[in-house]
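Shown next, in structure tokens, is the structure this report addresses.
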Amino acid sequence: QVQLVVPMAVVFGPGSVPADLPSPLPFRDVQEMEISVNVRTSVTSRYEMHYRSATGQEEAALAAATAQEADAALHPLQDTTLGSLTMYVVPETTSLLPQGINVYVGKHRSALVRAGGSLAALQARLREVTQVMSFTASSIAAALSDRVPDGQLSPDARRYLKSSLGYEITFSLLNPDPKSHTVDWDIEGAVNRYVKPVLDKLSLVANFSVDSQILYYAVLGVTPRYDKESSSFLLSAHSLPHVINPVEARLGSSAASLYPVLNFLLYVPEHSHSPLYIQDKDGAPVSTNAFHSPRWGGIMVYNVEAPASPQASLPLHVDVDMARVMEVFLAQLRLLFGLSREEVPPEFLLESPGNEGLADWELDHLLWAHTVENIATVSTTLTSLAQLLDKIGNIVIKDDVASEVYRAVASVQSAVTKLSLGHLHAAFQASKEAVTSSERAFFDPSLLHLLYFPDDQKFAIYIPLFLPMAVPILLSLAKIVRETRLHKKEPTKMD
């Protein structure tokens, strides 16, 4: 039974305290909610709320002109522990929040919430904010997707990447027609400028490695349809799944990888199929001219402008606009990690994370999901190992395998305890150690079940070998026994 505890500070600014508070400030309140996964598994979410008045420094920060300035000024004053949240309640007549906006979620672990008049209205609003900033029932269900019945899963749940100790990101430029196009892309500069800040932030979650490659004469494997009206070529939505396999055969990156590989492909259409556009299910052109595949990566089609004069010499020199390309790839990366912002209520205003690619609370969102998923993975792995050992009675458990199992159990128990105390970072680290130890134990070469045979198989193998040798031996023994008996019956001569 896993309990997720979120420490929350609810700070009332001047003129925002509801009249129906149950007791004078400061006071504490606890709200619990059960997230049911299946018949046997449920996760309890517990919000430990500490209500208090704003300090002098916080009041000064809340007097800023804009919500962005207030968020920046409040950041040094708040609790920055992973998994914790700070809600600043501002009066209904505040000028910090635009008209029609009740909640402003900043870059860090805080939000500005418009007072709802009564405590019940405020708590309902706070509940919505915590669902956005910490975890939701759907994000926990997606993390435990292996245990959730298929009918209860949202379509997006299978899109997210499974928790792993590391990920490999490969950027590939596909140039199927090098005779017509000479393509230059500053991938190293683009990675350092756009991707590295995001991966630095995500380094807490897993290890990342990035590489790139250029593939020539690599075609999509699907012939696009020519549209006379727009004088362009079109790829329909139902043909997009058939693009992946032919391209993946050329990538060759996942063959020697220990970790999941994320493929981001930039495809420059051949001269005879330019320009090439992707259509959605309704037949409308996709604005980004890109699509993504769940748990695999994404492909973007980069059209080259036709030369001004037909007599232009080939190959054409193409300089890729990396800012436009990386904007699409980073959006796809966020989708694959389950950090999309599509489900936010309309009265919420979310601050853009800027160069870092994700806000602090989004990192926490990822850590919550991965910690729960790691605990479930360890539970499944150790259960499978126990079942294997029960089936093979004569299997030998070495001391190092036993110690890994004990370490995995101790680490997963520590992770569950840390979660119940609200220590997200320590819980995540313990869950990672538990996964490592359980995988080492499960995949230890000495536990290979092919090394051990059931008794009936042993008899089936050895009887045909020993029976031919046993027949003369048994006949000789019978002869010896018979001669011994005859020898005893013969009368002895007395001199």
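The values are calculated or read from the model by the stated rules, or taken from the named source; none is laboratory data. Just so it is clear, the structure is predicted and the values come from calculations on it, not from any experiment. A quick note on method: Cβ atoms are made from the backbone with ideal geometry, for glycine too, and the neighbour counts reach across all protein chains shown. Ligands, DNA and RNA are excluded from the accessible area calculation, which covers all protein heavy atoms including side chains. Shrake-Rupley method; radii C 1.70, N 1.55, O 1.52, S 1.80 Å.
3J(HN,Hα) couplings calculated from phi for segment 380-388 with the Karplus curve 6.51 cos²θ - 1.76 cosθ + 1.60 (θ = phi - 60°) are, in sequence order, 5, 5, 5, 5, 4, 5, 4, 5, 5 Hz; Gly and Pro show x. Viscosity 1.567 mPa s, temperature 4 °C: Stokes-Einstein D of segment 362-451 from its Kirkwood Cα radius, in µm² per second? The diffusion coefficient I find is 95 µm²/s. Here's the picture: charge each Lys and Arg Cβ at +1 and each Asp and Glu Cβ at -1 in segment 362-451, and of I395, V412, L448 the one pushed furthest to the positive end of that dipole is I395.
Here the Karplus relation 6.51 cos²θ - 1.76 cosθ + 1.60, evaluated at θ = phi - 60°, turns the backbone of segment 163-178 into coupling constants of 5, 8, 6, x, 9, 10, 10, 10, 9, 10, 9, 9, 10, x, 9, x Hz, with x for every Gly and Pro. Relative to the Cα centre, the charge distribution of the chain, modelled as +1 at Lys and Arg Cβ and -1 at Asp and Glu Cβ, gives a dipole magnitude of about 2160 debye.
Considering only alpha-carbon pairs that sit under 8 angstrom and 6 or more positions apart, the relative contact order computed for segment 362-451 is 42 percent.
One way to sum up the overall shape of the chain is the equivalent ellipsoid from its Cα gyration tensor, whose semi-axes run 58, 41, 18 Å, largest first.
Summarising the strand pairing of the chain, around 30 percent of its internal DSSP beta bridges are antiparallel. Rounded to the nearest angstrom and listed largest first, the equivalent-ellipsoid semi-axes of segment 6-139 from its Cα gyration tensor are 26, 16, 14.
Scanning the chain for GluC sites (Glu not before Pro) in DSSP loops with at most 10 neighbouring Cβ atoms within 10 Å leaves 1-228 as the longest stretch between them.
Wrap a convex hull around the Cα atoms of segment 166-337, take a quarter of its surface area, and give that in square nanometres. Write down the numbers at each step before the final one.
Numbers: hull surface 41.3 nm².
About 10.3 nm², averaged over all directions.
Taking all protein chains together and a probe of 1.4 Å, list Y226, Y47 from the most accessible to the least accessible.
Y226, Y47
Note on Y167: accessible area approximately 0 square angstrom, rounded to 10, probe 1.4 Å, nucleic acids and ligands left out. Remark: for residue pairs K391/K458; K162/K281; K162/K432, the C-alpha separation exceeds 21 Å in K162/K281. Within the straight-line cut-off of under 14 Å between alpha carbons, none of the aspartates and glutamates are reachable from K479, sequence neighbours fewer than 8 places apart in one chain being disregarded.
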